[in-house]
Amino acid sequence: MIGLAHRRTRARTWHSEHVEDLLSNWSGTVTYTPAAVARPSSVPELQELVAGSRRLRARGSGHSFNLLTGTTGTLVSLAGLAGAPELDAAGVRVRVPAGTAYGALARYLEEHGRALPAMASLPHVDVVGACATGTHGSGDGVGTLSGEVTGVELVTGTGELLSLTEEDPELAGAAVHLGALGVVTAVTLRVGPTYRVRQLVYEGLALEDLAGDLDGVLGAAYSVSVFTTWASGQGQVWIKARDGQWVGEPPGRWRGAVLADGPRHPVPGQPAEACTVQGGLAGAWHERLPHFRLEHTPSSGHEIQSEVFVPRDRAAEAIGLLQGVGPRIAPALQVSEVRTVAADSPWLSPAAGQDVVAFHFTWHPDAPAVERALAVLELALQPLGARPHWGKVTTMAPELVRSRWPRAGDFAALAERLDPQGRLRNDLLEAWFPRG
């Protein structure tokens with residue numbers, strides 16, 4: 001399996017604080033063993049650091065579940081570069097410095113009457129890091145977070161400062177960059193007017209009904225998620241309705257599912273206090289679109305994550321296959337989420353060129369059990385054209401992963417041009433994009 005835990009070793013520090021906090025991912029299931037940890041305080045300092053390094057990788061909020069940000073060289077924290085987001089004069093684009101969490105950006109935008117079209121389930125993640133791996137929200141009309149990128153500022157592998165805009169054809173290659181093109185110091189995103197959202201939770205949706213009317217269920221509101229353990233045959237539906245949708249009192253029953261009689265957590269047995277407000281009470285977009293509150297520990301906090309993306313027209317088949325393997329993967333599984341992502345244009349987006357349905361898996365932190373379960377479910381879904389998430393664990397062979405993206409060769413060429421000495425490479429990138 002690609003990239004789970006490595007034994008932690010002590011790293012030499014370079015202008016760094018809280019080094020130990022940087023040496024594992026958010027859930028503590030992946031540890032890093034760099035030779036040094038750096039925290040540059042300016043872009044020129046970062047440029048000097050990159051140009052003088054043999055190997056280097058940048059780390060954001062640590063929400064990757066594989067070794068994508070791992071390195072045997074210098075691990076860079078960009079927390080020292082963090083500044084405030086900046087709206088343009090027209091209020092249609094926002095520049096976001098590295099180190100800015102989605103929750104912090106959302107609050108800034110709301111104060112200025114602006115909004116993003118989607119948010120990840122966790123508002124805790126770093127905006128730049130989330131775009132780097134194709135992280136997404138949910139909704140039939142909403143692409144990945146990286147699909148809203150209109151500009152990227154980065155320090156290339158040679159130490160040069162590069163700014164890409166919508167006029168540059170390489171922007172689509174840099175929007176989901178995996179850290180292979182340079183150290184990104186800021187991104188610019190499209191934004192629109194603020195809006196309000198109501199969130200409702202229904203329990204007991206039959207998975208056969210989900211597969212039989214995928215469009216009707218997942219298209220019932222602006223953003224819809226279905227949580228299930230697959231072995232149960234049922235799911236919990238989280239409906240996030242935007243202005244003008246699901247107006248009035250919600251029905252007590254919907255498609256055979258029952259309206260929850262109180263707040264719920266998607267992971268069975270977890271307290272609902274960590275979750276955003278439910279029950280149909282309208283609130284600002286950034287207080288309803290994520291599943292979890294910024295001030296609380298998201299998800300279960302002790303987990304391994306994986307995700308596969310299946311073409312929308314094959315998703316009903318995927319649901320049937322996952323029900324079939326449900327009993328075999330159940331011992332390792334905490335919960336699985338099903339949601340939609342609209343086609344977008346970044347070369348390495350999980351929705352590049354096609355609408356997809358995302359199947360997310362939150363696993364118990366037991367790497368051998370997760371590897372066994374993943375081997376079963378990914379083998380079942382591979383014939384459907386499944387793509388894995390770049391920042392999560394997978395058992396899919398690197399050459400198969402690479403084949404799922406038509407522009408993978410173009411991305412590899414761009415990475416070689418911007419990082420000719422391979423300073424930003426690591427084992428995972430070498431496996432996915434071997435150099436000729």
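Counting only residues that are in contact with a helix residue (DSSP H, G or I) (Cβ under 6 Å, 6 or more places away or on another chain) and either surrounded by fewer than 24 Cβ atoms within 10 Å (Cβ to Cβ) or of a type in the set (Val, Ile, Thr) (or both), the stretch 126-148 holds 2 of them.
Here's the yes/no breakdown for (1) touching a Ser or Thr at 6+ places or on another chain (Cβ under 6 Å); (2) among the polar types (S, T, N, Q):
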site	(1), (2)
Arg328	no, no
Ser345	no, yes
Gly353	no, no
Glu371	no, no
Ala375	yes, no
Glu378	yes, no
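Taken as a whole, the condition of being within 25 Å of Asp313 (Cβ to Cβ), aliphatic (A, V, I, L, M), touching a Phe, Trp or Tyr at 6+ places or on another chain (Cβ under 7 Å) and part of a helix (DSSP H, G or I) does not apply to Val376. Among residues of the stretch 163-175 that are in contact (Cβ under 8 Å) with a residue 60 or more places away in the chain, those with a Cβ under 9 angstrom from a residue that is in a strand (DSSP E or B) and of a type outside the set (A, V, I, L, M, F, W, C), sequence gap 6+ or separate chain, pair up as Ala174/Gly182; Ala175/Thr144; Ala175/Asp344.
Filter the stretch 182-198 down to the residues that are over 21 Å from the mean Cα position of the chain (by Cα) and not hydroxyl-bearing (Ser, Thr, Tyr), then identify the one that is nearest to Pro40 (Cα to Cα).
For the stretch 182-198, the residue satisfying everything is Gly192.
Here the strands (runs of 3 or more DSSP E) wholly within the stretch 216-280 that include at least 3 residues being under 21 Å from the mean Cα position of the chain (by Cα) and within 20 Å of Met119 (Cα to Cα) are 223-228, 234-242. Just one residue in the set Leu348, Leu414, Leu321, Leu424 is closer than 24 Å to Arg55 by Cα, surrounded by fewer than 22 Cβ atoms within 10 Å (Cβ to Cβ) and touching a Leu at 6+ places or on another chain (Cβ under 8 Å); that residue is Leu414.
Read-outs: derived from the displayed coordinates by stated rules, not from any lab. Keep in mind the model is a prediction, meaning the values are calculated, not measured. Counting neighbours? That spans all protein chains shown, and the Cβs are built from the backbone with ideal geometry, glycine included.
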